[in-house]
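To keep things clear, I will list the structure first and then write my remarks on it.
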Amino acid sequence: MTPSLDGSNLADSDTAIALLVVAPNLVGLFLLWRRVVRPAARPAPQRLTAWTAPVTDFLLFLLFGILGGLGAGAVAGRILEHFRRFDDDVRLLAAGAALQVGVLLGAAAYYLGIHRRRPWPAQPAAGPAPSIWLSGIATFFISLPLVNAASLAWQGVLNLLGFPVEKQAMIDLLIYDHSPVARTLLVLLATLGAPVMEETIFRLGFFRYLRTRVPRWCAFLLPAMLFGAAHTSLSSFAPLVVLGLVFSFAFERTGRIGTTMVAHGLFNLNTIILILSGITN
């Protein structure tokens, strides 16, 4: 979920804009300079261990996740048939939640049944791992100016080429569905379910497996592009690719998938706040 900035839709309150848009982006630029760009921050330590398992293990990881998601979705569909009182949006979101839980259960089954039997490489000697909360918050702020810049540039490209700039379906649902149940489910999916599931698949799965097997630029770009494409929104594709790249860099540097899960959840929560406040669409 990524917002698109549009000057015509900014709220009248300059204070709200400063607090919700300008200040976080300035914090992000400062942290980007301090932790990434300035000479003292380079070369950055890499705490992420290599995934040395054979390709069959990676394919099993994907298969377990897919089967878990499909199985949970099928079970949820049968259960939801008995709850006709809920509207279609609530049923759709509940099915989405079941899918996310199923994917995570499949990944957990793979880890408990196969992955833990493999020898686990030692953690690289790069100092103690940072707190997932502090590093996740820093990653969230760093992502903001990069994603917003990509969003503005990408919208300009789409407008130039004559493509319509459409919002993600979830954003439309957040704006136009006033059902408390639907909105609550959507917020939970966006801030808890999606970050955990997507980071497990795209960073812990695709990125970590590809990182030592293909050129480094490809290991970063391919999972980020899959991440962007998975959201099925042309107007959000490029910003989400940039977001995926930021998360992969953070995962590589910290070696902790919790860092990107926290950052991802905060990013989605920030988007929800901006949409509901009327500052972005």
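Per the conditions (1) out of contact with any helix residue (DSSP H, G or I) (no Cβ under 8 Å at 6 or more places or on another chain); (2) within 30 Å of GLY278 (Cα to Cα), the sole criterion not satisfied by LEU31 is (1).
The set of residues from the range 151-203 being surrounded by 16 or more Cβ atoms within 10 Å (Cβ to Cβ) and without any contact (Cβ under 8 Å) to a residue 60 or more places away in the chain comprises ARG183, PHE202, ARG203. Just name the residue that is nearest to SER233 (Cα to Cα) out of those in the range 154-165 that are in a loop (DSSP other than H, G, I, E, B) and modelled with pLDDT of 80 or more. Here the answer is PHE163. For the range 6-23, the criterion of being of a type in the set (A, V, I, L, M, F, W, C) and at pLDDT 85 or above is met by at least one residue. For the range 166-178, the criterion of being among the aromatic types (Phe, Trp, Tyr), closer than 30 Å to ASP88 by Cβ and assigned to a helix (DSSP H, G or I) is met by at least one residue. Which numbered condition trips up VAL241, out of (1) modelled with pLDDT under 95; (2) within 22 Å of LEU152 (Cα to Cα); (3) of a type in the set (Val, Ile, Thr)? Tallying (1) modelled with pLDDT under 95; (2) within 22 Å of LEU152 (Cα to Cα); (3) of a type in the set (Val, Ile, Thr), VAL241 fails exactly one: (1). Filtering THR271, THR260 for residues that are of a type in the set (Ser, Thr, Tyr), more than 26 Å from LEU161 (Cβ to Cβ) and in a helix (DSSP H, G or I) leaves a single hit, THR260.
Across the range 79-101, a minimum of one residue is classified as assigned to a helix (DSSP H, G or I), at pLDDT 90 or above and not hydrophobic (A, V, I, L, M, F, W, C).
Among the residues that make up the range 237-257, is at least one of them farther than 19 Å from LEU134 by Cβ, part of a helix (DSSP H, G or I), over 12 Å from the mean Cα position of the chain (by Cα) and in the same structural domain as PHE141 (by TED's automatic domain parsing)? Looking for residues that are farther than 19 Å from LEU134 by Cβ, part of a helix (DSSP H, G or I), over 12 Å from the mean Cα position of the chain (by Cα) and in the same structural domain as PHE141 (by TED's automatic domain parsing), one finds at least one in the range 237-257, hence yes. Quickly run through the range 206-223 and pick out the residues that are over 13 Å from THR49 (Cα atoms) and assigned to a helix (DSSP H, G or I). The answer is PHE206, ARG216, TRP217, CYS218, ALA219, PHE220, LEU221, LEU222, PRO223. Restricting the first member to the range 268-280 and to residues that are surrounded by fewer than 17 Cβ atoms within 10 Å (Cβ to Cβ), and the second to residues that are in a helix (DSSP H, G or I), the beta-carbon pairs closer than 8 Å and six or more apart or on different chains are ILE273/LEU20; LEU276/LEU174; SER277/ALA16; SER277/LEU20; GLY278/ASN9. Taking VAL214 as the residue in question, decide whether it is among the β-branched types (Val, Ile, Thr), assigned by TED's automatic domain parsing to the domain that holds LEU158 and buried (at least 18 other Cβ atoms within 10 Å of the Cβ). Taking the combined requirement at face value, the residue does not satisfy it. Applying the set (1) farther than 25 Å from LEU31 by Cα; (2) among the β-branched types (Val, Ile, Thr); (3) at pLDDT 95 or above to THR232 leaves exactly one unmet item: (3). Only one of the numbered conditions (1) touching a Phe, Trp or Tyr at 6+ places or on another chain (Cβ under 9 Å); (2) of a type in the set (A, V, I, L, M, F, W, C); (3) surrounded by fewer than 16 Cβ atoms within 10 Å (Cβ to Cβ); (4) under 27 Å from PHE64 (Cβ atoms) is not met by LEU234, and that is (4).
The values are calculated or read from the model by the stated rules, or taken from the named source; none is laboratory data. This structure is a prediction, so every number in the text was calculated from the model and none was measured. With ideal geometry, Cβ positions are generated from the backbone for all residues, glycine too; neighbour counts draw on all protein chains shown.
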